[in-house]
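Chemist: Below is the structure I would like to discuss, written out as structure tokens.
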Amino acid sequence: MTASPVQRRDADSVRVLTIDRPERLNALDRDTLEALDAAFAAAADDPQVRVVVLTGAGPKAFVAGADIAQMAALTPIQAHEFSTLGQRLMRRIERLPKPVIAMVNGYALGGGLELAMACHLRIAADMARLGQPEVNLGLIPGFGGTQRLLRLAGRAAALELCLLGTPIDAARALQLGVVNRVVAAAELEAETMSVAAQLAAAAPLALRGILDAVLAGGECPIEEGLQFETARFGLLFASEDMREGSAAFLEKRKPQFRNR
Ligand code: CAA
């Protein structure tokens, strides 16, 4: 049996998924996309998992893109299928009902940046480099990069990164809003796990409401988004965790959320 290209480990209620092809800088071939899709589906279904952290194995790369060697041999129909497979994975991650943090430990290029952008938060090591270099291959991003970069960082950044294809450093990515935080490489894991622990202790139904509302809001007119927010706000008053959160505040103690 060949080893899975995606390793998984649980630390309390945080699931850490590691793309494990360091000799290829964790490039995404079809098997890796499928393994990630299955791993995220399992994380979504597992009630013990409250937060997912996604990272790449080895000291150099988060993910250096789609696997160019595999991609180069595709027919147009196969390339269409490959793009659809990648986009399906990114959409699954984006719509996961629990927070997903990309721990960007190095290169996040092409499909790697697309993968990081599908996650809800991005924490990058200071030596990371991020970009959409597909243009250098005579291509365009195919796993949602043109669309998510536009929504995440605006038209100017999307056009700059995709047209020029030149990777940017972590500091510039922070300035553009492409990543949320940048920390020294040696601090990356501790910082990411600390953010994950904060999310793991939060009320899961509230987190889910935020994820749903913000995602919906990016895809619909504001009137619809506001109605969606109101509906989810009202619904949370049916949750035990909402009662617990308010009671804990009034009683000056820490809340214990139970996902109910
Ligand atoms: N696909 C397949 N193999 C890759 C790869 C990729 N995306 N990125 C790196 N590798 C392989 C290299 O071929 C090399 O293999 P060998 O040891 O057999 O030669 C190994 O990983 C190590 O890489 P390098 O020797 O190139 O390492 P480096 O430190 O000199 O350079 C790098 C690092 C700048 C990231 C360089 O590897 C690079 O430019 N990689 C390609 C980046 C890229 O173009 N990504 C976009 C892919 S297209 C895409 O993603 C389409 C989409 O949107 C769906």
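Since every read-out is calculated from the coordinates, none of them should be taken as a lab result. All values reported here derive from a predicted model rather than from experimental measurement. Neighbour counts are summed over all protein chains in view; Cβ atoms, including those assigned to glycine, are modelled from backbone coordinates with ideal geometry.
Chemist: What are the residues whose amide H is under 5 Å from the amide H of Arg122, where those residues sit 5 or more places off or on another chain and H is modelled from the backbone?
Modeler: Ala102, Asn180, Arg181
Chemist: How big is segment 204-250 in terms of Cα radius of gyration and Dmax, in angstroms?
Modeler: 12.0, 37
Chemist: Restricting to bridges with both residues inside the chain, how much of the DSSP beta-bridge set is antiparallel, in percent to the nearest 5?
Modeler: Antiparallel bridges: around 30 percent, rounded to the nearest 5.
Chemist: Roughly what angle does helix 188-201 make with the longest principal axis of the chain, taking Cα atoms, 0 to 90 degrees, to the nearest 10?
Modeler: The answer is roughly 40 degrees.
Chemist: Right, another one. Based only on the alpha carbon positions, what is the Kirkwood hydrodynamic radius of segment 6-200, in angstrom? Could the numbers behind the result be given before it?
Modeler: Numbers: mean 1/r = 0.0612 Å⁻¹.
This gives a value of 16.3 Å.
Chemist: Normalised by the number of residues in the chain, what is the relative contact order in percent for Cα pairs under 8 Å and 6+ residues apart?
Modeler: For the chain, the relative contact order is 15 percent.
Chemist: Taking a ≥ b ≥ c as the square roots of the Cα gyration tensor eigenvalues, with a/c under 1.5 meaning rounded and otherwise prolate when a/b beats b/c, else oblate, which class fits segment 137-245? Kindly include the intermediate steps, with their values, before the conclusion.
Modeler: Details: a/c = 3.29, a/b = 1.44, b/c = 2.28.
Judged from the Cα gyration tensor, segment 137-245 comes out oblate (a/c at least 1.5, b/c at or above a/b).
Chemist: Once each part is reduced to its C-alpha centroid, what is the distance from segment 15-37 to segment 191-260 in angstrom?
Modeler: If you average the Cα positions of each part, the centres end up 31 Å apart.
Chemist: By how many degrees, 0 to 90 and rounded to 10, does the Cα axis of helix 222-236 deviate from the longest principal axis of the chain?
Modeler: Result, in degrees: 50.
Chemist: A further question follows. At 0.36 nm per residue, minus the direct Cα-Cα distance, what do Arg88 and Arg8 gain on full extension? Give it in nm, one decimal, please.
Modeler: Values: separation 80, 0.36 × 80 = 28.80 nm, distance 2.05 nm.
Value of the extension gain: 26.7 nm.
Chemist: Can you give the Rg/Rh ratio of segment 3-115, where Rg is from the C-alpha atoms and Rh is the Kirkwood radius? Display every interim value, and only then the final one.
Modeler: Working: Rg = 13.6 Å, Rh = 14.1 Å.
Here the Rg-to-Rh quotient is 0.96.
Chemist: FRET efficiency for Ala190 and Gln48, Cβ-Cβ distance as r, R0 = 25 Å, nearest 0.05?
Modeler: On the way: r = 23 Å, r/R0 = 0.90.
With a Förster radius of 25 Å, E is 0.65.
Chemist: For helix 76-94, report the angle its Cα long axis makes with the longest principal axis of the Cα atoms of the chain; keep it between 0 and 90° and round to the nearest 10°.
Modeler: The helix 76-94 is inclined about 20 degrees to the chain.
Chemist: Among residues other than Gln7 whose Cβ falls under 13 Å from its Cβ, what is the net charge (Lys/Arg +1, Asp/Glu -1)? Please report the intermediate quantities before stating the final value.
Modeler: Numbers: positive: Arg8, Arg9, Arg15, Arg21; negative: Asp10, Asp20.
Computed value for this residue: +2.
Chemist: Sort 54-67, 219-232, 131-144 by packing, meaning the average of other beta carbons within 10 Å per residue, with the highest value first.
Modeler: Descending mean neighbour count gives 54-67, 131-144, 219-232.
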